[in-house]
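Trainee: Mind having a look at this structure? Questions to follow.
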Amino acid sequence: MKVITSIKEMQALVKEIKKDKSIGFVPTMGYLHEGHIQLMQEARLENDTVVVSIFVNPLQFGPNDDYDSYPRDFERDQNICSSEGVDIIFHPSAEEMYPSPLSVKALVQRRTNVLCGESRPGHFDGVATVLTKLFNIVQPERVYLGMKDAQQVAVVEGLISDFNFPINLIPVGTVREEDGLAKSSRNIRLAPEEREEAPELYRSLLLAKELLEAGERSKEVVIAKMKKHIEEKTTGIIDYVEIYSFPELEEYERLEGKIIIALAVKFANARLIDNLVLTVE
Ligand code: AMP
């Protein structure tokens with residue numbers, strides 16, 4: 001397994017690899033867990049070469065976000081990548097990626113005025129900008145993204161299609177703890193009591209699913225019941241609980257077709273997100 005920190009070096013290596021091999025790419029911010037591992041394993045099965053990037057991208061963090069305190073442990077990440085058969089870790093510094101203020105940035109115009117895009121202004125512009133750079137550097141055939149960040153999947157689908165990247169986006173289902181909590185690098189920042197409550201977020205999503213299966217079609221009713229569940233069972237502060245069409249992330253009158261039920265809840269030191277994407281007949 002190679003660890004590359006220089007863009008030039010990565011580009012030279014990619015040029016060699018692409019002569020006769022496919023590249024599967026897993027972009028991450030590190031502090032790897034089973035969610036990331038799932039992406040790596042799928043990439044390993046479908047590509048000759050697997051590249052994992054580990055880069056905490058300053059551009060996608062707002063002024064009040066947790067860029068400085070985002071958990072980092074490169075040595076541990078290296079061991080995980082090595083045991084998952086990753087070929088290359090691309091681990092540039094922020095100075096390597098952004099040596100001077102950018103003259104051009106990506107501006108996400110759709111699928112971004114709701115959910116995390118609304119509560120984190122500029123976040124998806126930062127994601128789209130760094131992914132544009134990473135796609136140009138790594139030039140993968142396939143990119144693997146987790147449905148844990150479903151809005152990211154929707155936005156990147158738009159980026160790939162609008163900017164004509166010759167890349168297949170492979171969405172990978174959310175990996176959960178045994179009690180249902182979606183695995184996240186930020187989970188370690190939950191206090192013990194918060195960690196006990198956190199699975200209630202997923203339970204509120206399951207409650208919504210049950211309501212839909214029982215025939216409920218009012219978005220307001222489903223959202224109100226989810227909010228009540230979260231408020232009663234946790235000490236977290238609800239950022240949003242929303243339902244939209246997926247992947248367009250548009251409002252609609254009646255709950256039908258492919259939809260996303262998504263939530264974000266703030267605990268003292270961690271903002272958790274989760275979602276379910278399902279089809280309503
Ligand atoms: P991050 O390091 O948080 O930027 O995540 C890197 C990639 O891993 C993104 O595509 C995430 O959606 C994905 N990911 C994070 N957590 C999970 C999870 N619990 N299950 C599946 N994929 C995940």
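Trainee: Which of the lysines could a cross-linker bridge to Lys15, judged by Cα under 20 Å and excluding same-chain residues fewer than eight apart?
Mentor: By straight Cα distance, Lys15 reaches Lys2, Lys133.
Trainee: Could I ask something else about it? Gln109 to Met1: FRET efficiency via 1/(1 + (r/R0)^6), r the Cβ-Cβ distance, R0 41 Å, to the nearest 0.05?
Mentor: On the way: r = 38 Å, r/R0 = 0.94.
Here the calculated transfer efficiency is 0.60.
Trainee: Work out, step by step, the length gained on full extension between Ile237 and Glu177: first 0.36 nm times the residue separation, then minus their alpha carbon distance; give nm to one decimal.
Mentor: Contour length minus Cα-Cα distance gives 19.4 nm.
Trainee: Let me ask you something else. At q = 0.13, 0.15, 0.16 Å⁻¹, what base-10 log of I(q)/I(0) does the Debye formula yield for the range 185-280 when every alpha carbon is treated as an equal point scatterer in vacuo?
Mentor: -0.43, -0.56, -0.63
Trainee: Any idea what the relative contact order of the range 2-172 is, in percent, if you count C-alpha pairs under 8 Å spaced at least 6 apart?
Mentor: Details: 257 pairs, mean separation 50.3, N = 171.
In percent, rounded to a whole number, it is 29.
Trainee: Residue separation times 0.36 nm, minus the C-alpha to C-alpha distance between Arg217 and Glu46: what's the value?
Mentor: 57.6 nm
Trainee: While we're looking at this one, here's another question. Are there chymotrypsin sites (Phe, Trp or Tyr not before Pro) in the range 159-245 that DSSP marks as loop and that have at most 14 other Cβ atoms within 10 Å, and which are they?
Mentor: Listed in order of number, the matching sites are Phe163.
Trainee: May I pose another question? Of all alpha-carbon pairs in the chain, indicate the percentage at a distance above 36 angstrom.
Mentor: 15 percent
Trainee: By how many nm would the segment from Asp162 to Ser69 grow when fully extended, if each residue of separation counts as 0.36 nm and the alpha-carbon distance is taken off?
Mentor: On the way: separation 93, 0.36 × 93 = 33.48 nm, distance 3.37 nm.
Between Asp162 and Ser69, full extension yields an extra 30.1 nm.
Trainee: Leaving out ligands, DNA and RNA, what percent of the accessible area of the chain is carbon and sulfur, probe 1.4 Å?
Mentor: 47 percent
Trainee: Starting from the Cα gyration tensor of the range 1-72, take the square roots of the eigenvalues, sort them a ≥ b ≥ c, and report rounded, prolate or oblate (rounded when a/c is under 1.5, otherwise prolate if a/b is larger than b/c, else oblate).
Mentor: Oblate.
Trainee: Quick one: if the Förster radius is 41 Å, what FRET efficiency do Ser22 and Ala224 give, using the C-beta to C-beta distance and rounding to 0.05?
Mentor: On the way: r = 48 Å, r/R0 = 1.16.
Using R0 = 41 Å, I get an efficiency of 0.30.
Trainee: Does the range 1-144 come out rounded, prolate or oblate by the C-alpha gyration tensor, with a ≥ b ≥ c the root eigenvalues, rounded set by a/c under 1.5 and, if not, prolate when a/b is larger than b/c and oblate if not?
Mentor: Values: a/c = 1.62, a/b = 1.45, b/c = 1.12.
Since a/c reaches 1.5 and a/b is larger than b/c, the shape of the range 1-144 is classed as prolate.
Trainee: Summing +1 for each Lys or Arg and -1 for each Asp or Glu, what net charge is found among the other residues whose Cβ lies under 14 Å from the Cβ of Glu96?
Mentor: 0
The values are calculated or read from the model by the stated rules, or taken from the named source; none is laboratory data. Predicted model, so just to flag it, every value in this text is computed and none were measured. Cβ sites come from the backbone with ideal geometry, for glycine too, and all protein chains shown count toward neighbours. The protein model used for the area step is the full one, side chains on, heavy atoms only, and it has no ligands, DNA or RNA in it. Shrake-Rupley method; radii C 1.70, N 1.55, O 1.52, S 1.80 Å.
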